[in-house]
Amino acid sequence: MKDIQTPGHQIEKLIQVVQKHKAIYEFLNRVHELQLNNYYIGAGCIVQTIWNDISGFPLDYGIKDVDFVYYDDHDLSEETERNLQAQLEGLFPDYPFRIDVKNEARVHLWYRNKFGYEIAPYRSLEEAIDTWPTTATSLGIRIRSHMWEVYAPYGLDDLFNKVIRPNKRQITKEIYDKKVDRWKSQWSDLRIEPWE
């Protein structure tokens, strides 16, 4: 699944860089062992791998976790989400990053407690990614049947140009500024677009 606005050469470059990152590439290749269909590896670990490659940093620099997102609106239990996290941790017992698992179908159940305001339930995994905090980090990738699938609703220009632009579909200025401050302290050459 590719966004038709994303040029093929950018997707090829994205794949080439991710393949160089041994830990993330292994994760992408082995996740299918859990026989899940509707999932992506998204946001930070992929974006930061690209930034690191462009900046000449070690590919794992600044990466805290791997965001594993899936969508199951038939089971909104926190227990099932935790069980999947345990399965992934069992599959990768010595993984160098924390594995963060979220069922995007249940985000609306806890969002208010964490961020102070309610959101409507997402109707799909892609709809969830559409709301992620910046255009560069609204990104999901996966490998299914040996085929790469990239979902990039806002394209990949901002990612490869190291531009941080707010995606105002859901977040607040406070959430955006907090993310920007953390990233800027690690990748000082990011081009930050102000919240206006």
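Just so you know, all these numbers are worked out from the coordinates, no wet-lab data involved. Bear in mind the structure is a predicted one, so any value in this text is a computation, not a measurement. Glycine also receives a Cβ, built like all others from the backbone with ideal geometry; neighbour counts cover every protein chain displayed.
The slack in the chain from Arg98 to Tyr61, taken as 0.36 nm per residue of separation less the alpha-carbon distance, amounts to 11.9 nm.
What shape does the range 1-97 have by the C-alpha gyration tensor, where a ≥ b ≥ c are the square roots of the eigenvalues, rounded means a/c under 1.5, and otherwise prolate means a/b greater than b/c and oblate the rest? Write out the running numbers ahead of the final one.
Values: a/c = 2.22, a/b = 1.42, b/c = 1.56.
Oblate shape, in that a/c is at least 1.5 and b/c is the bigger or equal ratio.
Highest mobility in the GNM of the chain, judged by mean-square fluctuation with C-alpha springs under 10 Å and restricted to Thr131, Thr49, Thr172, is found for Thr172. Working note: Karplus 6.51/-1.76/1.60 with θ = phi - 60° gives the range 103-112 the couplings 8, 5, 6, 10, 4, 4, 6, 10, 4, 4 Hz, where Gly and Pro are set to x.
Past the 19 Å Cα-Cα mark, which pairs from Lys64/Lys179; Lys64/Lys178; Lys13/Lys102? Let's see the in-between values first.
Values: Lys64/Lys179 13 Å; Lys64/Lys178 16 Å; Lys13/Lys102 27 Å.
Beyond 19 Å between Cα atoms: Lys13/Lys102.
Just to confirm my numbers, what's the Cα centroid distance between the range 15-80 and the range 110-179 in Å? The two parts, judged by their Cα centres, are 14 Å apart.
Label-to-label distance, Gln186 versus Glu26, with points set 7 angstrom from Cα along the beta-carbon direction: 2.0 nm.
Find, among the trypsin sites (Lys or Arg not before Pro) in the range 1-104, those assigned to loop by DSSP (not H, G, I, E, B) with at most 14 other beta-carbon atoms within 10 angstrom. Mind showing how you got there, number by number?
Numbers: sites: Lys2, Lys13, Lys20, Lys22, Arg30, Lys64, Arg82, Arg98, Lys102; in loops: Lys2, Lys64.
When the trypsin sites (Lys or Arg not before Pro) of the range 1-104 are filtered for loop state and at most 14 Cβ neighbours within 10 Å, Lys2, Lys64 remain.
Considering the zone a paramagnetic label at Ser77 would reach in this model (a point 7 Å from Cα along the Cα-to-Cβ line), which residues of the range 119-137 have amide N under 12 Å from it? Residues passing the 12 Å test: none. The simple Förster model, with R0 at 35 Å and r as the Cβ-Cβ distance, assigns Gln35 and Asn113 a FRET efficiency of 0.65.
Within the listed set Trp110, Trp51, Trp148, the Gaussian network model of the chain (springs between alpha-carbon atoms below 10 Å) gives the highest mean-square fluctuation for Trp110. Annotation: the antiparallel percentage among DSSP beta bridges lying fully within the range 77-196 is about 75.
Before anything else, pin down the relative contact order of the chain: Cα pairs under 8 Å, at least 6 apart, normalised by residue count, whole percent. Intermediate values should be presented prior to the final figure.
On the way: 287 pairs, mean separation 42.5, N = 196.
Dividing the mean separation by the residue count of the chain yields 22 percent.
The alpha-carbon of Lys184 sits under 19 angstrom from the alpha-carbons of these aspartates and glutamates, leaving out residues fewer than 8 places away in its chain: Asp53, Asp60, Asp65, Asp157, Asp158, Glu174, Glu193, Glu196.
Please label the shape of the chain as rounded, prolate or oblate, based on the square roots a ≥ b ≥ c of the eigenvalues of the alpha-carbon gyration tensor (a/c under 1.5 means rounded; beyond that, a/b larger than b/c means prolate, else oblate). Mind showing how you got there, number by number?
Values: a/c = 1.44, a/b = 1.08, b/c = 1.33.
Here the chain falls in the rounded category.
Mean residue ellipticity, 222 nm, helices only, the chain: the sum of -39500 (n - 2.57) across DSSP H runs of n ≥ 4, divided by residue count and rounded to 500, is -12000 deg cm²/dmol.
Computed from phi, the 3J(HN,Hα) profile of the range 11-22 under the Karplus parametrisation 6.51, -1.76, 1.60 (θ = phi - 60°) reads 5, 4, 5, 4, 4, 4, 5, 4, 5, 6, 8, 3 Hz, with x in place of Gly and Pro.
For Asp177 and Gln10, the FRET efficiency from 1/(1 + (r/R0)^6), where r spans their Cβ atoms and R0 equals 25 Å, is about 0.35. Connecting C-alpha atoms closer than 10 Å in a GNM of the chain, tell me which of Ile119, Ile24, Ile50 has the biggest fluctuation. For the chain, modelled as a Gaussian network with Cα springs under 10 Å, the answer is Ile119.
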